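The values are calculated or read from the model by the stated rules, or taken from the named source; none is laboratory data. All figures in this text were calculated on a predicted structure; none of them were measured in a lab. In this analysis, Cβ positions are derived from the backbone assuming ideal geometry, glycine residues included, and neighbour counts consider all displayed protein chains. These accessible areas exclude ligands, DNA and RNA; they are computed on the full protein's heavy atoms, side chains included. Shrake-Rupley method; radii C 1.70, N 1.55, O 1.52, S 1.80 Å.
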Amino acid sequence: MYRSNNVAARIFDRQIVTPPPGTSFHCVRRFYENIVPNHTVYDVECPDHSFRKFTVDGEYLITFSRNHRDLNVYRPKWLSFSYKGDEIDTFLDFPSNAQKFESFFNLIYSVSLASCNELICKDFFIYMESNRFGLFATSTAQIQDAPAVGGAVPGIPSIEKITFHLLRLEDGEILDAKVFVNDFVNLAHNTGVFLYDDLLAIVSVRYQIIHILQIRDSGHLVDVRALGAFCREDDELFLHSSTQYVGVAERSRLLASDVENGYHHSPSNDNSFLNGLKQRLLSFIFGRIWNEETDHRLVGYMQLLNPKSSVFDEEFLLSFSRLHRLDYLEVVYRTPDQVQFLDRQHLLLKLGSVDGWVSRMADHHRAFFAVYDMETTEIVAFFQNSTDDIYVLFERFCNHFHAASRNSLCLNFISSHSNNIHAQEQLRSLKNKAVSYSQFVKKMLVSLPFNCQSQSPSPYFDLSLFRYDEKVQKEG
């Protein structure tokens, strides 16, 4: 259907034409076709700040001071200047105020967040969809060679103090804070933190714990649960009260005996019990193998079902895994390092090795994906990052991995290869150019889980409205 490039004509058309049901929001976004930036103002006098991002509605511009101690929040003035003309050179006649940052933004407030030896993480900022609250983080310096004590994973750096600050964006008041001591959370580009509606997931890579918090309307951070060693609130109580609970001395004896026999236990555990998440993951894997294996005698003799045994028999798992392409025992040594909400009940976990976590070439390392149900505490799906099963889901249902808030409308317009024909063409081109399909799958799945609020729903990024080829340059 032909659409006029005249703004006045399109506004008149909007007044007399009723859009089809369910398309009014999309029709509003089409007006951006007539409002396209066509000039850049250079050498603008800007404050010496580190600019982070706008909120999705454009109401707030988040910046940090150069010493990474103060938070500065600006509000755009919107249309500050107008000019009638067609030639680019005529923009030289702009008034002098057009070269100043203050002509376009007003400083709302400045808040000091960092204290003592802490600094603001300039790559971290998460806001609620209502834009009432913003979450910021401050931390001390990393300690690369920190000793692995208290069940910490060796090879993971430690941060003496990490503080998450919950602010009211309207006036900058600090409402609540959450502190992690001698821990490590990957704050770069919101990697280790994910917000869905009012639920917040924070991944402790060092101690392998997923902290689930809720942001209340009152502005408080409330602990909901911690997934890791235990999955239910009464798991620890049950272990202490069970007759099968192994005492400290007995656990030490079992661990020493296994070391003498040549078995190597997970470095993240200082006892003979698997943590709750990995126990459920191995149970899911075993159940899938049981259902797929035609000769149940291969699994019937195992000591795994021995009621006298409180641990998985690694010798059995090692021999049993030889019958399958995937070494399932390797899952025990994987560390959950990233998580995202698929909805309020399900989490998508990424499990990778310490070597893959610290390497920049993460797409060359083996990793696993698991879907965890927080209500039933069960693993409902498990994939390897090179298998075609999860890639097919990613290609066909990419929008479901965005985990857009149920109250958000604009986030549904993020272009992907599952909702846009132009994105599909780009994906098909990358697939045809790939040397190895397996490596292509790994490379595509590196983006999973998606970092929280890492994609912009701006109409200018909507491939249904605008698209261009970076290789095509305008001739002079």
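State in Å² the accessible area per residue of the range 173-233; use a 1.4 Å probe, count heavy atoms of protein chains only, and round to the nearest integer.
The answer is 38 Å² per residue.
Using only protein heavy atoms and a 1.4 Å probe, report how much of residue 60 is accessible, in Å² to the nearest 10.
20 Å²
Residues of the range 123-162: accessible area per residue at 1.4 Å, in Å²?
Computed with neighbouring chains in place, this is 40 Å² per residue.
Once phi is turned into ³J(HN,Hα) by the Karplus curve 6.51 cos²θ - 1.76 cosθ + 1.60 with θ = phi - 60°, what whole-Hz value does each residue of the range 382-399 show in order, with x for glycine and proline?
For the range 382-399, the Karplus-derived couplings read 8, 9, 9, 6, 10, 7, 6, 4, 6, 5, 4, 5, 5, 6, 8, 10, 4, 4 Hz, x marking Gly and Pro.
Return the Cα extents of the range 101-250 along principal axes one, two and three, sorted largest first, each rounded to a whole Å.
71, 36, 23
With r as the distance between the Cβ atoms of residue 373 and residue 13 and R0 = 56 Å, compute the FRET efficiency 1/(1 + (r/R0)^6) and round to 0.05.
0.70
So what's the net charge close to residue 123: Lys and Arg +1, Asp and Glu -1, counting the other residues with Cβ under 13 Å from its Cβ?
Local charge sum for residue 123: +3.
How much of the accessible area of the range 133-238, in percent, comes from carbon and sulfur atoms when a 1.4 Å probe is used?
The value for the range 133-238 is 51 percent carbon and sulfur by accessible area.
Kindly flag which residue pairs out of 77/161; 161/278; 100/122 have an alpha-carbon separation exceeding 29 Å in this structure.
77/161
Evaluate the relative contact order of the range 136-210 (contact order divided by residue number), counting alpha-carbon pairs under 8 angstrom at least 6 apart; express in whole percent.
Dividing the mean separation by the residue count of the range 136-210 yields 26 percent.
For the range 128-204 and the range 19-44, write down the distance between their C-alpha centroids in whole Å.
Cα centres, the range 128-204 to the range 19-44: 36 Å.
On a C-alpha basis, how far is the centre of the range 415-456 from the centre of the range 378-396 in Å? Whole number, if you could?
A separation of 14 Å, based on Cα centres.
Using alpha carbons only, how many angstrom separate the centre of the range 104-124 from the centre of the range 50-73?
When both Cα centres are located, 7 Å separates them.
Determine the sum of side-chain charges near residue 102: Lys and Arg each +1, Asp and Glu each -1, restricted to other residues whose C-beta is under 10 angstrom from that of residue 102.
+1
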